[in-house]
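Visitor: Structure provided below as structure tokens; questions to follow.
The values are calculated or read from the model by the stated rules, or taken from the named source; none is laboratory data. Remember, it's a predicted structure, so these values are computed and weren't measured experimentally. Virtual Cβ from ideal backbone geometry, glycine too; neighbours counted across all protein chains shown.
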Amino acid sequence: DAGVTQSPTHLIKTRGQQVTLRCSPKSGHDTVSWYQQALGQGPQFIFQYYEEEERQRGNFPDRFSGHQFPNYSSELNVNALLLGDSALYLCASSLGQRQYFGPGTRLTVT
Amino acid sequence: GNSVTQMEGPVTLSEEAFLTINCTYTATGYPSLFWYVQYPGEGLQLLLKATKADDKGSNKGFEATYRKETTSFHLEKGSVQVSDSAVYFCALTNNQGGKLIFGQGTELSVKP
């Protein structure tokens, strides 16, 4: 049984560009959450998707948006990238209480 | 708002030493508390959890007790191994399965 997978592993973008990160949840999981982990910091909650709707959102600007597909996979989109968006982006899936994390996508904005 | 504060790292110990990583929290209501571990190049893994006051979570020799009177959830292990070297995160949630609030992480390095 594959765990949570994320793509790509690494990504380099330029300021002002847009980026899309992808997440496939653990088999049977219907809820996907996204977190941003800056270097040396703990993860910060961006938002959570359930039944293709954004169910909960953290304190992130509207430049951060997401989507969940009928197969429960999810995308995180970030527009107008800033240098401060450089971070490890973690996806977590769940069915009920426990969240299982993927390995993350390392985004570098230059 | 809700928050988690951990002791700063890095923490460097010799193999078989006793480990304590302090964690205190601020939260409304009765949060659930967690310890996650992040090994180099890997995602976060749940190490242990406690869902109510005085609960003790335990796993792989690690323990933590939910202390509501001191709003703490300190992580302990009696004898660390080199393989325990990782970054440890304390976290809480007020919404089961929802938003997790993490501390800043504590890096542990265990030397042979």
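Visitor: Has region B:81-94 got any residue that is in a loop (DSSP other than H, G, I, E, B), of a type in the set (A, V, I, L, M) and over 13 Å from the mean Cα position of the chain (by Cα)? Show your work before the answer.
Guide: Our first condition is that a residue be in a loop (DSSP other than H, G, I, E, B); within region B:81-94, this holds for B:81, B:85, B:94.
Now drop any that are not of a type in the set (A, V, I, L, M), which leaves none.
Scanning region B:81-94, I find no residue that is in a loop (DSSP other than H, G, I, E, B), of a type in the set (A, V, I, L, M) and over 13 Å from the mean Cα position of the chain (by Cα), so the answer is no.
Visitor: Let me ask you something else. Take residues that are more than 24 Å from B:ASN95 (Cα to Cα) and tell me which of the strands (runs of 3 or more DSSP E) falling wholly in region A:1-78 contain 2 or more. Let's see the steps before the verdict.
Guide: Working: elements: A:5-7, A:10-13, A:19-24, A:31-37, A:44-50, A:53-57, A:64-68, A:74-78.
The strands (runs of 3 or more DSSP E) meeting that bar are A:5-7, A:10-13, A:19-24, A:74-78.
Listed here are the residues, each with its yes/no results for (1) under 13 Å from A:CYS91 (Cβ atoms); (2) surrounded by 15 or more Cβ atoms within 10 Å (Cβ to Cβ); (3) modelled with pLDDT of 95 or more.
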| residue | (1), (2), (3) |
| --- | --- |
| A:HIS29 | yes, yes, no |
| A:TRP34 | yes, yes, yes |
| A:PHE47 | yes, yes, yes |
| A:GLU51 | no, no, no |
| A:ARG63 | no, no, yes |
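Visitor: Select from region B:17-44 the residues that are hydroxyl-bearing (Ser, Thr, Tyr) and either outside any loop (DSSP other than H, G, I, E, B) or modelled with pLDDT of 95 or more (or both) and list them in ascending order.
Guide: Just the residues of region B:17-44 that are hydroxyl-bearing (Ser, Thr, Tyr), to begin with: B:20, B:24-26, B:28, B:30, B:32, B:36, B:39.
Within region B:17-44, B:THR20, B:THR24, B:TYR25, B:THR26, B:SER32, B:TYR36 qualify.
Visitor: Are any residues in region B:23-46 touching a Leu at 6+ places or on another chain (Cβ under 8 Å) and closer than 23 Å to A:LEU39 by Cβ, and if so, which ones? Before the answer, list the steps.
Guide: Looking only at region B:23-46, we keep the residues that are touching a Leu at 6+ places or on another chain (Cβ under 8 Å), and these are B:23, B:25, B:27, B:31-38, B:43-44.
Hits for region B:23-46 are B:CYS23, B:PHE34, B:TRP35, B:TYR36, B:VAL37, B:GLN38, B:GLY43, B:LEU44.
Visitor: Would you mention how many residues in region B:58-67 are surrounded by 14 or more Cβ atoms within 10 Å (Cβ to Cβ) and outside any strand (DSSP E or B)?
Guide: The number of residues fulfilling the criteria is 1.
Visitor: Name the pairs: first residue in region B:25-52 and more than 12 Å from chain A (Cβ to nearest Cβ), second residue assigned to a loop (DSSP other than H, G, I, E, B), Cβ to Cβ under 6 Å, at least 6 apart or on different chains?
Guide: Correct list of pairs: B:TYR25/B:THR71; B:ALA27/B:ASN2; B:GLY29/B:ASN94; B:PRO31/B:ASN94; B:LEU33/B:TYR66; B:LEU33/B:PHE73; B:ALA50/B:TYR66.
Visitor: Search region A:71-97 for residues that are free of Cβ contacts under 8 Å to residues at least 24 places away in the same chain and pair each with any residue that is crowded, with 17+ Cβ neighbours inside 10 Å and of a type in the set (Gly, Ala, Ser) when their beta-carbon atoms are under 6 Å apart and the residues are at least 6 apart or on different chains.
Guide: A:GLY96/B:GLY97; A:GLN97/B:GLY97
Visitor: Give A:GLN18, A:GLN97, A:GLN68 a once-over and let me know the one that is surrounded by fewer than 16 Cβ atoms within 10 Å (Cβ to Cβ) and more than 10 Å from chain B (Cβ to nearest Cβ). Lay out the reasoning, then the answer.
Guide: On the way: A:GLN97 fails: more than 10 Å from chain B (Cβ to nearest Cβ); A:GLN68 fails: surrounded by fewer than 16 Cβ atoms within 10 Å (Cβ to Cβ).
A:GLN18 is the lone residue from the list that is surrounded by fewer than 16 Cβ atoms within 10 Å (Cβ to Cβ) and more than 10 Å from chain B (Cβ to nearest Cβ).
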